[in-house]
1. Cα gyration tensor of segment 1-40, axes a ≥ b ≥ c as square roots of the eigenvalues: rounded (a/c below 1.5), prolate (a/b > b/c) or oblate?
2. Long-range amide H contacts for residue 58: which residues qualify at under 5 Å (H placed 1.01 Å from N, peptide plane, sequence gap of 5 or more or a different chain)?
3. As a quick test, which of the pairs 3/27; 3/91; 14/42; 27/68; 42/68 have an alpha carbon distance above 26 angstrom in this structure?
4. Could you give the Stokes-Einstein D for the chain in µm² per second, using the C-alpha Kirkwood radius, 25 °C, 0.890 mPa s?
Amino acid sequence: HDKYPSIAIGTVYKTLDTFVKYGVINKVLTEGEVMRYDGVLKHHHHLYNEGNEEIQDYINEELDEMLKTYFEKNAIEGYHISSITLHISGKSINKKS
């Protein structure tokens with residue numbers, strides 16, 4: 001807002017919501033109930049760092065296949081699963097040499 005003070009914050013969010021509507025970006029809700037926007041449209045999961053509230057993309061095709069296989073064998077009655085996305089929470093561990 002400092003860089004473009006003449007643009008209302010509401011205009012920014014309306015534009016972001018339009019991008020979501022047309023599949024340009026996705027909405028991501030954090031554990032703190034904060035809405036963030038994600039420009040990565042390829043299927044992926046999210047790693048949420050509880051220490052600094054950072055969200056990282058996590059792509060793992062082996063995990064995707066495992067989840068798909070699990071739900072094929074353990075169908076949820078009366079429910080068709082179209083997508084599975086995990087939100088993995090934790091804190092980063094500083095590795096020491």
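1. The shape class here is oblate.
2. So residue 58 has HN proximity to 45, 46, 47.
3. 3/91
4. Stokes-Einstein gives a translational diffusion coefficient of 150 µm²/s.
Any read-out appearing in this document is the output of simple, stated calculations on the displayed coordinates, not a laboratory observation. Fair warning: this is a prediction, and the values are worked out from it, not measured in the lab.
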